[in-house]
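Everything below concerns the one structure shown next.
The values are calculated or read from the model by the stated rules, or taken from the named source; none is laboratory data. All figures in this text were calculated on a predicted structure; none of them were measured in a lab. Heads up, the Cβs are rebuilt from the backbone with ideal geometry, glycines too, and the neighbour counts pull from every protein chain shown.
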Amino acid sequence: MPGTMNLSRIFAQISRDTSFIFCRFLLHSVFSLLCNIFRAILGYCEVSTVIEQTVETYGIENWGAGYFGVNRKGNLVVRHPDNENLVADVREVIEDLRKRGINTPVLLRFPQLLFGQVRKLHNAFKKSIREFEYEGEHLCVYPMKVNQNRAVIEEYLREGSRYDFGLEAGSKAELYAALALDQSKNSLLVLNGFKDRDFVKLAFAGSAAGKNVVIVIEKMSELDHTLAFADKMTKENPHADLPMIGVRVKLYSKGSGKWEKSGGEAAKFGLTTTEILDVIRQLQDAGRIDLLKLLHFHIGSQLTDIKRIKNAMKEAARTYSKIRQMGIDVEYLDVGGGMAVDYDGSRTSFESSANYNAQEFANDVIYVIKTVCDDENVPHPNIIQESGRYLAAYHALLVANVHEEIETVVEDISPLTIDEDDPQVVKELYDLRESITSKNHREYYHDALEHREELFTMFNLGLITLEDKGKGEVLFWDVCERADQFAQQKKYVSEEFDELRRLMCAKYLTNFSVFRSMPDNWALEQLFPIIPIHKLNKKPTEYATLCDITCDSDGIVDKFVDLHDVKTVLELHKLTPDEPYYIAMMLVGAYQEVMGNNHNLFGVPHEAHIYIGEEGHIIKKVIPGATLSDALSTARFDATQLRDQFRRAVMKRIKDGDLSAKEGNNLIEFYENQADSYTYLSPNGGE
């Protein structure tokens, strides 16, 4: 019995100990779980905060028109225009393209964004027409010059045909292409630009083929050609379909922004009041006044100020009304293009912005024209619009990799020490570096500038060695870097330190050509949003400008969008060895491709057409970029001839004994294989 009693006590003790251990384990598990949840919440909040700061830093919500954002991975995403929950991860797109052998730079097209812009424009005017009880219609014609790429035009027509949106052509080549494209039955094909006899004849062919062609008279000679072909066609067939005629009015009103000079009385295009009256007289004398159906004007591209637009609308509407009062049945008032894209998101009249949106534009156009027409007691015209930039800009972005950093600030590879034999100027720079503080940083920065001048003077006089000069340069830039750090902590940063930051910023060698892919940035200082496509959940620590890979000092991007100003540096992340870093040039879908040139023979980049679906991105089409052979052909080099000439040169080296037959054949094979390689830089090891 005693043994049994002891055994019972032992079991009871074990039971109590086991319960205690289990409770401790349970409490520890619950505590650990709560800690993990708390850490996860903190981490989520921290990441969310960084992403919010990133979105603000790059202004995505300001210039993105709702199409762009950042996901939890820190990657740039493109949103479906009809469902913001459907997105394409741009970094994942690039990775998928790499698996297909398509490296950056690559132009990504998102046709659905083109659809979105078409619908925005249509809906804005539809709402205004309903609100102001306007009795005319709104139509749009896409100016092919904005982006003549076949895919762009066909995608535009795919959506635009639902609203009877048509095309505008300004050259024989554009007209030739337009005549073969499918347009809706009620859409227009408006022909602007200077025209010769063949251009006009091609327009008549389009009308005979069933297109609603409008020949806009820019010069009086164009009217002569038009009347001559009209007579010829009606003699052959009295019931022939003839093109409509329009006249382009040279308004007194001017636009605003970079293209302000393209409007007004000194404008390149348009007829004066006297010339318009002469056109009317000639048409009446020829019995063809019934062909005059359209009045056209254009006051410039990227119109930044809505007030200028309203002034032009008043003048044009008044001109239209007076012509209608002459008993001439003009049906269309073409208000031209110029509707701006807010590239920097500031909603101002700055050159890269606009102080209005699509709805405000539509409201002012409809209201002003209606008011004038009602005042003159004439019918409301059908409004034609040529807003190509607004339609095309958003749908395309160029992704390029940063190849490496170009060192600007002198850095010492090994630890720097000061010796007794060092020149006094070097010692003083060292003392500045060691004793600079928040209180004296401005004074010490000025002292450092003086010492650098002294350093260069002494070197030019031969008083110090090259090693002394190198040591002094390192110390000078160290002082500048510390002075900049202290200056940026102040509430107000003086202008001289803004300039210093620009001077000290990193230069990221980026694998693209400004002249090919962003020519307006180089030629006109047009701003384009630029943003990394990944690491956006991490705070950028570097300030940088972008250098392209052309052999031209102008091949740089050193002005960037900002809500309140123009930034001279861009916030980017520090480069990690053997790890790719990608940046995107946004809103490049209008003019940039067609205006790009072949500086250094960098040809067109790779191109991919991306659709956004339920499961993310869908790569519908990939078009390889220019090879060396393609690029050389633009300069009229023949690849076959070049291969033959190189082969002869190598064979001569073999014959002379300077190369072995094997070495020569390997050299020839290598040269010939290069003809099919991409014109841009190949990825570094980790890419």
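Just a few scattered comments:
- Top-ranked residue of the stretch 648-687 - restricted to ones that are polar (S, T, N, Q) and out of contact with any Leu (no Cβ under 8 Å at 6 or more places or on another chain), ranked as modelled with the lowest pLDDT: N684
- Some residue of the stretch 498-521 being within 22 Å of the chain's Cα centre (by Cα), assigned to a loop (DSSP other than H, G, I, E, B), surrounded by fewer than 22 Cβ atoms within 10 Å (Cβ to Cβ) and of a type in the set (D, E, K, R): no
- Any hit, the stretch 598-613, residues being farther than 30 Å from D548 by Cβ and of a type outside the set (F, W, Y): yes
- Any hit, the stretch 295-302, residues being at pLDDT 90 or above, under 26 Å from the mean Cα position of the chain (by Cα) and not acidic (D, E): yes
- Scanning the stretch 568-610 for residues that are more than 16 Å from Y508 (Cα to Cα) and in a strand (DSSP E or B) yields H606, E607, A608, H609, I610.
- Screening P111 against (1) more than 30 Å from I369 (Cα to Cα); (2) over 24 Å from the mean Cα position of the chain (by Cα); (3) buried (at least 17 other Cβ atoms within 10 Å of the Cβ) leaves a single unmet condition, (2).
- Residue match in the stretch 71-88 (condition: at pLDDT 95 or above, closer than 30 Å to S161 by Cβ, of a type in the set (V, I, T) and assigned to a helix (DSSP H, G or I)): no
- D578 satisfies every condition listed in (1) touching a residue at least 12 places away in the same chain (Cβ under 8 Å); (2) farther than 23 Å from L113 by Cα; (3) buried (at least 16 other Cβ atoms within 10 Å of the Cβ) except (3).
- When residues in the stretch 606-654 are screened for being in contact (Cβ under 8 Å) with a residue 40 or more places away in the chain and among the hydroxyl-bearing types (S, T, Y), 3 of them pass.
- Single condition E92 does not satisfy, out of (1) in contact (Cβ under 8 Å) with a residue 60 or more places away in the chain; (2) surrounded by 22 or more Cβ atoms within 10 Å (Cβ to Cβ); (3) not aliphatic (A, V, I, L, M): (2)
Rundown of residues vs (1) among the hydrophobic types (A, V, I, L, M, F, W, C); (2) part of a helix (DSSP H, G or I); (3) loosely packed, with under 14 Cβ neighbours inside 10 Å, yes/no style:
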position	(1), (2), (3)
I612	yes, no, no
H617	no, no, no
T640	no, yes, yes
D644	no, yes, yes
K652	no, yes, yes
N666	no, yes, yes
N673	no, yes, yes
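- In the stretch 654-664, the qualifying residues are those that are surrounded by fewer than 12 Cβ atoms within 10 Å (Cβ to Cβ) and among the small types (G, A, S), and the one that is farthest from T627 (Cα to Cα) is G657.
- From I583, I533, residue being touching a Ser or Thr at 6+ places or on another chain (Cβ under 7 Å) and more than 23 Å from T348 (Cα to Cα): I583
- Any pair with Cβ under 7 angstrom, 6 or more apart, that starts in the stretch 118-135 at a residue that is modelled with pLDDT of 95 or more and ends at one that is in a helix (DSSP H, G or I) and among the aromatic types (F, W, Y): V118/Y156; L121/Y390; H122/Y163; F132/Y367
- Condition met for L659 (part of a loop (DSSP other than H, G, I, E, B) and of a type in the set (A, V, I, L, M, F, W, C)): yes
- Positions within the stretch 324-351 being buried (at least 21 other Cβ atoms within 10 Å of the Cβ) and outside any loop (DSSP other than H, G, I, E, B), in sequence order: Y332, L333, D334, M339
- Residue among L167, L179, L114 that alone is of a type outside the set (F, W, Y), touching a residue at least 24 places away in the same chain (Cβ under 8 Å) and either in contact with a Leu (Cβ under 6 Å, 6 or more places away or on another chain) or assigned to a loop (DSSP other than H, G, I, E, B) (or both): L167
- Selected residue [in a loop (DSSP other than H, G, I, E, B) and either aromatic (F, W, Y) or closer than 26 Å to G388 by Cβ (or both)] from Y156, Y134, Y142: Y134
- Positions within the stretch 284-323 being crowded, with 21+ Cβ neighbours inside 10 Å, in contact (Cβ under 8 Å) with a residue 60 or more places away in the chain and farther than 19 Å from I366 by Cβ, in sequence order: S301, Q302
- Restricting attention to the stretch 539-558 and to residues that are part of a loop (DSSP other than H, G, I, E, B) and within 18 Å of H403 (Cβ to Cβ), the residue that is modelled with the lowest pLDDT turns out to be S553.
- V561 β-branched (V, I, T), at pLDDT below 95 and buried (at least 20 other Cβ atoms within 10 Å of the Cβ): yes
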